[in-house]
Amino acid sequence: MANMKTYAEPQPRGMRLLYILVGVGILAALYRFTFGLGASTNMGDDVPWGLWVAVDVLSGVALAAGGFTITAAVYIFNMKKYRAIVRPAILTAFIGYVVVIIGLVIDIGKPFSFWHPLVMWQYKSVMFEVVWCITLYTTVLALEFAPAFLERFKMDGLLKVLKFFTYPLVIAGITLSFLHQSSLGAFFLIVPAKLHALWYSPFIPYLFYISAIALGLAMVAVESVLAARTFKRPQETEILAGLSKGAMITLSIYLAMKIADLALAGELGLILTSGAASVFFLLELLIGVIAPIALYAQKKVRESVNGVLLASSLVVAGTVMNRFNVNFFTQAGTGTFYFPALWEILVTVGLIALAVLAYRLAATYLPVFHGTERT
Amino acid sequence: MTNHWNDFKNSDVILVMGANPAENHPVSMKWVMRAKEKGAKFIVVDPRYTRSAAQADLFVPMRSGTDIPILGGLIKYIIDNKLYFRDYLASYTNASFLVNPDFKGPGELNGLFSGYDIEGRKYDKATWSFQMDENGLPKKDPGLSNPNCVFQLLKKHYSRYTLDVVSDISGSPKDKLEAFYKMYASTGRPDKAGTVLYAMGWTQHTVGTQNIRAMTIIQFLLGNMGVAGGGVNALRGESNVQGSTDHGILFHILPGYLPAPRASWSDLATYIEKNTPKTKDPKSLNWWSNRGKYITSYLKAIYGGKATKESDFGYAWLPKLDEGMNLSWLMLFDAMFKGKYEGFFAWGQNPACSGSNAGKVRKALGKLKWMVNVNLFDNETGSFWKGPDVDPKDIQTEVFQLPACSSVEKEGSITNSSRLAQWRVKAIDPIGQSKSDAEIVNELYFRVRKLYQKEGGAFPAPILNLTWDYGRKNAEGKVEEVNTHLVAREINGYYLEDVFDKKTGKQLGKKGELCASFAHLQDDGTTSSGNWIYAQSYMHKDGKIVNMMARRGKADPTGLGLYPEWAWAWPVNRRILYNRASVDVNGNPWNPRKAVIKWNAAESKWEGDIPDGPAPPMAQEKGTYPFIMKPDGVGSVFGPGLADGPFPEHYEALECPLQENVLSKQRINPTVKLFFGITDAATAGAAEGGGSAEDIFFSCDTRYPYVATTYRVSEHWQTGVMTRHQPWQLEMVPQQFIEMSPELAKEKGIQNGDKMKVASGRGSIIAFAVVTDRFQPFKVAGSTVHQVGLPWCFGWQYPLHGRQGDSSNLLTPTIGDANTMIPETKAFMVNVEKA
Amino acid sequence: MANNNSTSKGVLVDLTRCIGCRGCQVACKSWNERSAKPTFMHGTFTNPPKLNSETYTHINFVEKTVQDEPVWHFIKDQCMHCKDPACASACPVGALTKSPSGPVAYHYDRCIGCRYCMIACPFQIPKYEWEKSLFPWVRKCTFCSERIANNLVPACIKVCPTQVMQFGALDEVTAEAQKRLKNSPGKYVDHIYGKDEAGGTAWLYISHVPFEQIGLNTKIPAQRLPDLTWASLNKIPAAVGGFVVGLSLIAWFRNRGNGSGQSSPGKEK
């Protein structure tokens, strides 16, 4: 690719590792397709949803929430300072959703039937809605990111057509995101007798949505810091401070909702009396919500790259924990202990590596960062 | 069974002891549950809490082998509290009979009855007799107060079975015993019925027969024999095992419970003379006085035209037992072990797993020249020569495996525990080369006969004279295909001539027709019947041939569930035996709401079930006693017929945890045949009993400290040959297991699922631990006794070549009941260690 | 969804009558042509220990000690065939459907293997063919729908020797359950399990032992579980409308000064 046009200095560091991880992930996926889920995972009748659902789907979708939050900020709320990160955020989201879809195809038992929900409609199913939203939103993201391609290959005619649809696409993206980000929570509305009361709530769709916004902002911040470091670009400190403030506000709303929800249900006492569930719940809340709020609240943290990175990483970790907890405490009733099998971990790691790899290649060969056109 | 399966629903109290119907006769529980829903009480007495116990109103735990103390305690309770049914007892049993004043019981003779011969280990029964009056009839005291009358002797005998003693022996808690006694004794009222369901848990003991005798006495005391919802009911272990005993499969009987001829009974007249009981009492029907008719008709059935007056009806051709000869299971395999047999047919059985002391059985098979294994599948018997610890090079036995077809691949009748013979049609043709048993026998017969025809031989007559008219014959005279209907008709029997009633001259039957009743059978060769009790099962009715066993009528005129038109029950379709005891001497039912029969005085006839004999009620001039199979016509509270005593007395099992019998100095049954050593010291050698080292036993020995018992589970059939290969069955019970109490498990550091080595003096097996509160330690004679339990449905062949556990009969001893020689597999001693 | 109690078949399971013989377990395997999986004696007779793709029903042997006395209960477990099944509403492709005659039926041709039915089921019923690589089935009790359609009773009910189960119209068996509770006071726990759980099921249980002591989940709300999801899903049209209108208005309001529609995502002007 020596003669390919680049927009950033190719960064060979770590690329070999990424290729290896992706390659191993592909082999692990082949193992799953050859020998089945029983042989390749530690899932079973007691734990039908494992690591792949918890990370690749529930967390993956939430991690890609930066796409709609940043487009909303820039296009709907006209917050101009975030323009610089619109395209990276969309790229992250797009890659994220593609990875989610790959993860889903690996996880479902009949991969060749992945298209069934598109033609066999069962509109009362949350899963049906989620599949449709993800499909549509990935298309929207593809179109939102398409200008990067079109610019790269100088297809100005098409570019014009797309530009005309910018606002409809943005609005569609935000709406679809609301629907399915919340619906990932709505998955669990049907299990009042299974999911632990610390997590079960009729408002769980909204809790998922709000936490996805906070996570989206935090994730964009993390990715912005890391991208700048990787591509040796200056840190967007002003943007980071803004993202931090946004995340702090959203997290505060989330925390208030969560506590109010438990209080209304009269279940605040459960926070301390539920044994292992209490521990996991408190960890999730401390790491992902309370600690970040406390950090973000300090101006010096918001203005420090490392401070933002730390606080935002905590949000990422805490939200992923939340999705794990919701998934596994739904399935805890049978008393079966689940820890992912090696193959599951390799696939998941491979998918994350794939996302990072795709991001780095795109950032190198496509106009992702503003003002990076090189010849 | 004196009664029948459906009849359980008529009970007020159902006692299950020595059985486990929920697991081994699940369908019977349908009727138990019906009774329960109508308010009946259900009692289970067992060493372990079973699936039957789970349904019980009262569960009484007991140490294996202590049934007689528990039942003796019940007898004492009934007498002490005067809960017996006095009229019944006085009129219908020998309770009022006066016994020889020289008779003495174990209370006086330290565990023995009068007349014991130490050398011969048997009784001279001279003193076990009744006092006779000048007419040759037993002297009676209807007031039941004469100290020599049976009732007073019974009372005296069981006065030793106090609650304390019973509890001390059995380990059963006293409050539970009392609750049981109270509940069961409540059926002594005329309008109440109690029944008992028993199985191998009672029979497979050195005192097996006496276990059942004890219950029979209780049923007489409470007036529960012959009534709906009463009786003594053996739950037979296989669907057709009743049929097989009916048809004489045991060594000591011919079909229809005719005794097997002995060498000393040289001709038919002698046979009849020796086997026809006599009575001088005109009111006793004494049914066995017809013996001559039945044996003659039997000989006519099997030898046909060759059975003539001149040929003594072919009596000489029947095989004879030598005097004192016993060819029961243990004896047979002992003889085989000693090399006394050349060949052996293992037909539909798996002795290498089912035989007590199966290790000895396996060795015995190796002493044979040849063995024919007829079975649905190969089994541990057919493949014994490649079993564990066997080097095929050492085995010279030639084994022939003949594949038999299953019951659904052939037509014929089966007779269940209710004595109900039901005709079954064939569902599918036999698979592969498999054949029905009848076809295999047909082949065998034809070839053996041909050899005799060709070579003569020592005694060809028994074979050459046999009738064999079971279908069309080919040019060689071989039946091409056995027609089961013709076999069934031969069993029923024919009128070979026009037959007339000898007294009235009325014609009973036309020549050539099928016999309509065993009452029509003759001793002059004019009738045939392959099995007199089955006469009427396949009869001529209004000129037409009717297979009574194939009937499926659902009418229930009495409302008691007798279903007289459903199939056919022997004898003469009687559904409840001894039903004349269900009415008073005037023919009025004790319990009018559940009238089995009743006398219609206006029409001078019985209504309801087929009565035990057509005579009018006992009080009438021509009336008869109810227990027609007994020479004296009454129920035997005092039973001098048995080898080990007229009243059941408690003796410990051959292997037991106690040094001494709590009740007497006689530790074990004094009349059992010993294969090894002497009664009370396990240290003695084999020679004394004429046994082998394999027959060793260890009683009250610290090396084998735990009481063990064996049983079946719902999920497997007998030794498991038909179920272990069935993945669905094996999935439910996949491994040989050993059940034990948490207390024992704790003592030995055993966890659920642990692999255990269970050993007795005879051998050891692998078993997987099931630790459960359903087992509990017993307080016996002041010390703690642990009981363990093992199913016997496994074998080395499958699954996994024995790694899942071999047969628990490798542990069981060589000892049998004093009367029947049924092996004692329900109480023996083992040790349990982690493997 | 067909929830009519008079057209739907139902089964009353009277646990007081079960003797644990497991004829039902075998009859089910026989009729449904299921195989066996390797098992072990692990301390109880419950085998297989749990339902699986080859075992649609089994008897759960519940052993306890009450006042120093052993007690043993035999609990049949199989699909409850909810009136409004959570599994059917969860399935994105309609691979699980409630038939008017009662059975919750599975359609392999539609299934994608997402296993949301397994998550959604409050009774832990749908099981999965984990060993199959690309074409696994979700498996569960079929209510012997093909037998029912031919006027036969389900296989497990047919073989039961003690008539633990009564098969009939759902309203009939419900009435029978009520009758038994009324006629035998003190014999049963005063509750018909399945009458209200999860909005009602076609299989009803009555018992002499409190249900929570014999492994039945008594925390399942008396509510049609799909309603919980639907309460959220039915807001979608409004949400879509609200978002589109709201976002458009905000965008118009916030961008009114700088000539809307001129910028494209990611491109700095």
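Checking each residue in the stretch B:351-399 for being open to solvent by 10 Å² or more (accessible area, probe 1.4 Å), touching a strand residue (DSSP E or B) at 6+ places or on another chain (Cβ under 9 Å) and within 19 Å of B:SER328 (Cβ to Cβ) picks out no residue at all. Restricting A:ALA142, A:ALA148 to residues that are of a type in the set (A, V, I, L, M, F, W, C), open to solvent by less than 70 Å² (accessible area, probe 1.4 Å), assigned to a helix (DSSP H, G or I) and facing chain C (nearest Cβ under 7 Å) narrows the list to A:ALA148. Of the strands (runs of 3 or more DSSP E) entirely within the stretch B:1-117, those holding at least 2 residues that are farther than 13 Å from B:LEU197 by Cα and open to solvent by 10 Å² or more (accessible area, probe 1.4 Å) occupy B:58-61. If you check A:TYR209, A:TYR200 for being part of a helix (DSSP H, G or I) and within 14 Å of another protein chain (Cβ to nearest Cβ), only one passes: A:TYR209. If you go through the stretch A:296-336 and pick out every residue that is closer than 15 Å to A:GLY246 by Cα, hydroxyl-bearing (Ser, Thr, Tyr) and touching a Lys or Arg at 6+ places or on another chain (Cβ under 7 Å), you end up with 1. Residues that are within 14 Å of chain C (Cβ to nearest Cβ) and open to solvent by 50 Å² or more (accessible area, probe 1.4 Å) do occur in the stretch A:24-32.
Consider C:PRO136 carefully, then state whether it is outside any loop (DSSP other than H, G, I, E, B), touching an Asp or Glu at 6+ places or on another chain (Cβ under 6 Å) and at the interface with another protein chain (Cβ under 9 Å from one of its Cβ atoms). So C:PRO136 fails the test. Take the conditions of a type in the set (S, T, N, Q), touching a residue at least 12 places away in the same chain (Cβ under 8 Å) and open to solvent by 50 Å² or more (accessible area, probe 1.4 Å) and apply them to B:SER604. Does it pass? Considered against the rule, which asks whether it is of a type in the set (S, T, N, Q), touching a residue at least 12 places away in the same chain (Cβ under 8 Å) and open to solvent by 50 Å² or more (accessible area, probe 1.4 Å), B:SER604 comes out as yes. All of C:THR46, C:THR16, C:THR7, C:THR97 fail the test of being part of a strand (DSSP E or B), in contact with a strand residue (DSSP E or B) (Cβ under 9 Å, 6 or more places away or on another chain) and surrounded by fewer than 24 Cβ atoms within 10 Å (Cβ to Cβ), apart from C:THR97.
Against the test of being open to solvent by less than 30 Å² (accessible area, probe 1.4 Å), without any contact (Cβ under 8 Å) to a residue 40 or more places away in the chain and closer than 27 Å to B:GLU37 by Cα, the options C:HIS73, C:HIS58 yield a single qualifying residue, C:HIS58. Against the conditions (1) within 10 Å of chain C (Cβ to nearest Cβ); (2) surrounded by fewer than 22 Cβ atoms within 10 Å (Cβ to Cβ); (3) in contact with a Pro (Cβ under 9 Å, 6 or more places away or on another chain), B:GLU743 satisfies every one except (1). The residues of the stretch B:789-807 that are within 14 Å of chain C (Cβ to nearest Cβ) and crowded, with 22+ Cβ neighbours inside 10 Å, listed by number, are B:GLY789, B:LEU790, B:PRO791, B:CYS793, B:PHE794, B:GLN804, B:GLY805.
Could we say that A:ALA65 is among the hydrophobic types (A, V, I, L, M, F, W, C), in contact with a Gly (Cβ under 8 Å, 6 or more places away or on another chain), more than 9 Å from chain C (Cβ to nearest Cβ) and open to solvent by less than 10 Å² (accessible area, probe 1.4 Å) here? If you could, list the steps in order and put the result at the bottom.
Details: among the hydrophobic types (A, V, I, L, M, F, W, C): yes; in contact with a Gly (Cβ under 8 Å, 6 or more places away or on another chain): yes; more than 9 Å from chain C (Cβ to nearest Cβ): yes; open to solvent by less than 10 Å² (accessible area, probe 1.4 Å): yes.
It is true that A:ALA65 is among the hydrophobic types (A, V, I, L, M, F, W, C), in contact with a Gly (Cβ under 8 Å, 6 or more places away or on another chain), more than 9 Å from chain C (Cβ to nearest Cβ) and open to solvent by less than 10 Å² (accessible area, probe 1.4 Å).
Is the stretch A:151-169 home to any residue that is in a helix (DSSP H, G or I) and under 16 Å from A:VAL61 (Cβ atoms)? No; the residues of the stretch A:151-169 include none that is in a helix (DSSP H, G or I) and under 16 Å from A:VAL61 (Cβ atoms).
Of all residue pairs spaced 6 or more apart or on separate chains, those with beta-carbon atoms under 7 Å, a first member in the stretch B:553-576 that is farther than 19 Å from B:GLY231 by Cβ and a second member that is hydroxyl-bearing (Ser, Thr, Tyr) and open to solvent by less than 20 Å² (accessible area, probe 1.4 Å) are B:TRP568/B:SER537. Residues of the stretch A:74-102 that are surrounded by 23 or more Cβ atoms within 10 Å (Cβ to Cβ) and of a type in the set (Gly, Ala, Ser): A:ALA89, A:ALA93, A:GLY96.
Scanning the stretch B:644-694 for residues that are polar (S, T, N, Q) and at pLDDT below 70 yields B:THR679, B:THR683. Annotation note: Cβ proximity below 8 Å between a residue of the stretch A:166-182 that is at the interface with another protein chain (Cβ under 8 Å from one of its Cβ atoms) and open to solvent by 10 Å² or more (accessible area, probe 1.4 Å) and a residue that is among the hydroxyl-bearing types (Ser, Thr, Tyr) and outside any helix (DSSP H, G or I) (sequence gap 6+ or interchain) occurs for A:TYR167/C:SER260. Annotation for the stretch A:33-43: no member residue is of a type in the set (Ser, Thr, Tyr), touching a helix residue (DSSP H, G or I) at 6+ places or on another chain (Cβ under 7 Å) and either more than 13 Å from chain C (Cβ to nearest Cβ) or closer than 19 Å to A:PHE187 by Cα (or both).
Looking across the stretch B:466-484 at every residue that is crowded, with 17+ Cβ neighbours inside 10 Å and in contact with a strand residue (DSSP E or B) (Cβ under 9 Å, 6 or more places away or on another chain), the one that is nearest to B:ILE440 (Cα to Cα) is identified as B:VAL479.
The values are calculated or read from the model by the stated rules, or taken from the named source; none is laboratory data. Please read all numbers here as calculations on a predicted model, not as lab measurements. For neighbour counting, all protein chains shown are included, and Cβ atoms are generated from backbone atoms with ideal geometry for every residue, glycine included. Note: accessible area is taken over every heavy atom of the protein model, side chains too, but ligands, DNA and RNA are not part of it. Shrake-Rupley method; radii C 1.70, N 1.55, O 1.52, S 1.80 Å.
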